[in-house]
Each structure stands twice: as C-alpha cells, then as structure tokens.
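A.B. asks: Okay, handing you the structure first.
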Amino acid sequence: MNSSSEEDNSEEASQSPGGPARLQTIRENLEGWVTGHTSSWASAAFISLNFKDTLRADAGTFTGLTEQIARREIELFGKRVDRAVYGRLVQRFNRRVRRIPFLERGQDRGWHAHILMEPPDGMAEVRFLQIAKTAWAESPWSTNLHNRVADDGASGYLTKERSKSELEAWTDTIVVEAVVVDTK
C-alpha cells in the first residue's frame with residue numbers, strides 16, 4: 001500500500017507535462033549534472049540549512065518566510081562564506097567557494113536547503129564548517145546548520161522528490177542564482 005506522500009508525488013507527476021517518466025528523466029539529468037561538476041572537487045562538504053518560518057519586526061508585526069526570501073538568504077550565505085574564506089580576493093579576483101544549493105519545503109518540514117560545497121585546498125574541514133556555521137548564524141532567518149556525509153549518494157539526495165511538493169515546479173529547487181561551479 002502506498003503512503004500518502006508517495007500518492008502525492010505520483011499525483012503531482014501525473015499532472016505535469018510529460019508525466020512521471022519526464023520528471024524522472026529531468027531528475028536523472030540533474031543528478032548527472034551535479035555529479036559531473038562535483039566529481040572533480042578535491043573534497044566536498046554537504047551542509048543543510050534550516051530556516052525560521054517567521055520573523056518578528058521591530059513594530060511587532062510578523063513576516064513570513066517566502067521562497068524568494070529563502071533563495072536570497074542562500075545567496076547571501078554563499079557570499080559570506082566566500083568573504084570569510086578568501087577575503088578581498090573575492091572582489092579583486094572573483095575567488096569563490098564552489099557550491100550547488102537546493103531549496104526544499106515539504107508537508108513534513110519547513111523551508112530548508114541542502115548545499116554541496118568544495119572546501120578550499122589546504123583548509124581543514126573543521127575550520128571550513130566553522131566558517132559556514134558563522135556565516136549562516138548571521139542570517140536573521142537561520143535556525144541551525146547540519147553537516148551531512150558528502151558521499152556518492154549526495155547528488156541523489158539533493159535531487160530527491162520528497163520535500164519538494166511546496167515549490168511551484170520541481171525543477172525550481174536548484175537555487176540557480178547561488179550556484180558557483182567555475183572559479184578562479
């Protein structure tokens with residue numbers, strides 16, 4: 001017997017142009033794209049960022065987290081990591097930390113992101129994770145950051161169908177504006 005989330009996914013897939021086979025092809029192509037870009041990385045950090053659902057403004061009103069705000073916060077997080085790792089080289093020579101972020105929101109979880117990042121050569125993983133935690137803590141929308149195991153299954157996890165039901169289109173989960181795959 002299918003669970004309700006499997007039924008929701010199959011219902012969503014059957015309503016999309018091309019049906020479930022097309023979505024599966026898109027997912028496989030995206031997974032291949034992620035694997036192709038990350039296979040040359042010396043090492044990878046797999047980080048999950050969790051967001052607050054609402055913020056209280058100074059006037060006492062509440063602002064709810066939207067997809068646009070979440071995407072912008074992921075982009076700003078990447079820029080803060082770049083600055084902490086490379087300092088002025090970011091502005092002078094466009095030195096950046098390679099990363100591929102995915103945004104998710106499902107019925108069982110609020111907004112969260114999974115990001116594959118390449119720590120710089122010569123930097124200890126512990127140091128890089130501390131930089132990432134500090135950069136995420138600077139966001140007013142941050143709750144916590146989890147370090148995951150970056151193994152061969154990471155690209156499959158990034159492109160999984162679960163937790164993507166709240167987005168307008170399943171392919172919108174990759175945060176294109178924050179992707180950095182080529183760097184100097």
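What follows draws every value from the coordinates through simple rules; no lab data is involved. What you are looking at is a predicted structure, and each value in this text was computed from that prediction instead of being measured. Neighbour counts are summed over all protein chains in view; Cβ atoms, including those assigned to glycine, are modelled from backbone coordinates with ideal geometry.
A.B. asks: Kirkwood hydrodynamic radius, segment 66-170, all distinct C-alpha pairs: what's the number in Å?
C.D. replies: Hydrodynamic radius (Kirkwood, Cα pairs) of segment 66-170 is 14.8 Å.
A.B. asks: Under a plain spin-label model, where a point goes 7 Å from the Cα along Cα-to-Cβ, how far apart in nm are T143 and D182?
C.D. replies: So the label points at T143 and D182 sit 3.8 nm apart.
A.B. asks: By how many nm would the segment from R56 to Q68 grow when fully extended, if each residue of separation counts as 0.36 nm and the alpha-carbon distance is taken off?
C.D. replies: 2.5 nm
A.B. asks: Distance in nm between label sites at K79 and Q107, each 7 Å beyond Cα in the beta-carbon direction?
C.D. replies: Result: 3.7 nm between the two label points.
A.B. asks: Would you list I47, I115 from fewest to most Cβ contacts within 10 Å?
C.D. replies: I47, I115
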